[in-house]
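The values are calculated or read from the model by the stated rules, or taken from the named source; none is laboratory data. Keep in mind the model is a prediction, meaning the values are calculated, not measured. Because the Cβ atoms are built from the backbone with ideal geometry, glycine has one as well, and the counts that use them run over all protein chains shown.
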Amino acid sequence: MQYTTLGATGVEVSTLCFGTMSFGGDADEKMSAKMFHRCREAGINFFDTANVYSQGRAEEILGKLIADCRDELVITSKVCSATGPGGNDRGLSRRHIFAQIDKSLARLGTDRLDVYFCHHYDPLTPLEETLAAMDVLVRQGKVLYVGVSNFAAWQAAKAAGIAEARSLPAPQVLQPMYSLAKRTAEIEILPYAADQGLGVISYSPLGGGLLTGKYGANRKDAAGRLVTNPSYVGRYALERYYEVAERFSDYANDTGVHPATLAVAWVKAHPAVTAPIIGARNTDQLEASLASADYEMTPEQYDQIADLTPPAPLATDRDEER
């Protein structure tokens, strides 16, 4: 396992992060423990969760697993998504953030989060209020660094500008979706992160399973999330995604490397990415992603894989000055 610093924080993290979305859901507590210990054995010290994963069970399970090694780990969680049916059970208001931080800390059995992510942009709450609330948590020591997930580059930049103007904690870590199939982050998010020295832990490097070799133009895994989970069905509804999966699967077969290993290694090779977030439902699935930790991808192979999909469009309509 290789290690790097998380943006400009000075915090050392493994170049793979394990995401616990499956804990308490697709993976029961016993399987979650097996995956956690396999990640630790492989050298991962970086774990991502959220208050809404399995209605809080993911945090609870992770909390039990980190009890004897908390100080060795970098732990992140998130706030914004709905935790109940009420209008105040969601968002980035001071009220919701203050209500959720103590619940997350209690479930995790820790006194602080290394990174606390705004899970989504909240158009109903001014960023000034959100960042002021985060400032209180930082001053209390409950949060060490602020992050933003699923923000557009302009939203992250707006937050940074407000933070600078008001001496509030600026986001230090971004968490965008990024894979060979979903390359929107290349347009502005990753260039912004590189320019500002921000950490990036991107999620879904396998495209929700699309790039695992189980999918193609006329092939789908009947038990996979892309078939059974409405959110993923909608996210990857277009046929062009399955055409990408077909080309990528053929390429992986020709190279003799598991598609999941190549897919994660390709994301990991982007210079702006600190650590892709890998996930799995069981240890068998986990192994192929873990293998990316030591996979040496050459610049030539990176370009070959990138050429399997159309490049992300430019941020402007002119490129002659690039």
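Values as computed for the structure displayed
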quantity	calculated
Positions within segment 220-256 being among the hydrophobic types (A, V, I, L, M, F, W, C) and over 19 Å from MET177 (Cα atoms), in sequence order	ALA222, ALA223, VAL227, ALA252
Conditions (1) exposed (fewer than 15 other Cβ atoms within 10 Å of the Cβ); (2) under 21 Å from the mean Cα position of the chain (by Cα); number of the one not met by LEU73	(1)
Which listed residue, of ALA163, ALA132, ALA156, is under 18 Å from the mean Cα position of the chain (by Cα) and either outside any loop (DSSP other than H, G, I, E, B) or farther than 21 Å from SER93 by Cβ (or both)	ALA156
Of residues in segment 221-239 being of a type outside the set (A, V, I, L, M), at pLDDT 90 or above and assigned to a loop (DSSP other than H, G, I, E, B), the one surrounded by the fewest Cβ atoms within 10 Å (Cβ to Cβ)	ASN229
Selected residue (only one of THR130, THR184 is of a type in the set (Val, Ile, Thr) and surrounded by 20 or more Cβ atoms within 10 Å (Cβ to Cβ))	THR130
Any hit, segment 292-299, residues being within 22 Å of GLU188 (Cα to Cα), surrounded by fewer than 19 Cβ atoms within 10 Å (Cβ to Cβ), among the β-branched types (Val, Ile, Thr) and free of Cβ contacts under 8 Å to residues at least 24 places away in the same chain	no
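To keep it simple, each residue is scored yes or no on (1) in contact (Cβ under 8 Å) with a residue 40 or more places away in the chain; (2) within 28 Å of CYS118 (Cβ to Cβ).
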{"residue": "GLY207", "(1), (2)": "yes, yes"}
{"residue": "GLY213", "(1), (2)": "yes, no"}
{"residue": "ASN218", "(1), (2)": "no, no"}
{"residue": "PRO230", "(1), (2)": "no, yes"}
{"residue": "GLY234", "(1), (2)": "no, yes"}
{"residue": "TYR241", "(1), (2)": "yes, yes"}
{"residue": "ALA252", "(1), (2)": "no, no"}
{"residue": "GLY256", "(1), (2)": "no, no"}
{"residue": "TRP266", "(1), (2)": "yes, yes"}
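Results for (1) out of contact with any helix residue (DSSP H, G or I) (no Cβ under 7 Å at 6 or more places or on another chain); (2) closer than 30 Å to ARG40 by Cα; (3) among the aromatic types (Phe, Trp, Tyr); (4) in a strand (DSSP E or B), shown as yes or no for each residue.
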site	(1), (2), (3), (4)
ARG57	yes, yes, no, no
ASP71	yes, yes, no, no
THR76	yes, yes, no, yes
GLY84	yes, no, no, no
ARG95	yes, no, no, no
ALA99	yes, no, no, no
LEU105	yes, yes, no, no
ASP111	no, yes, no, no
VAL138	yes, yes, no, no
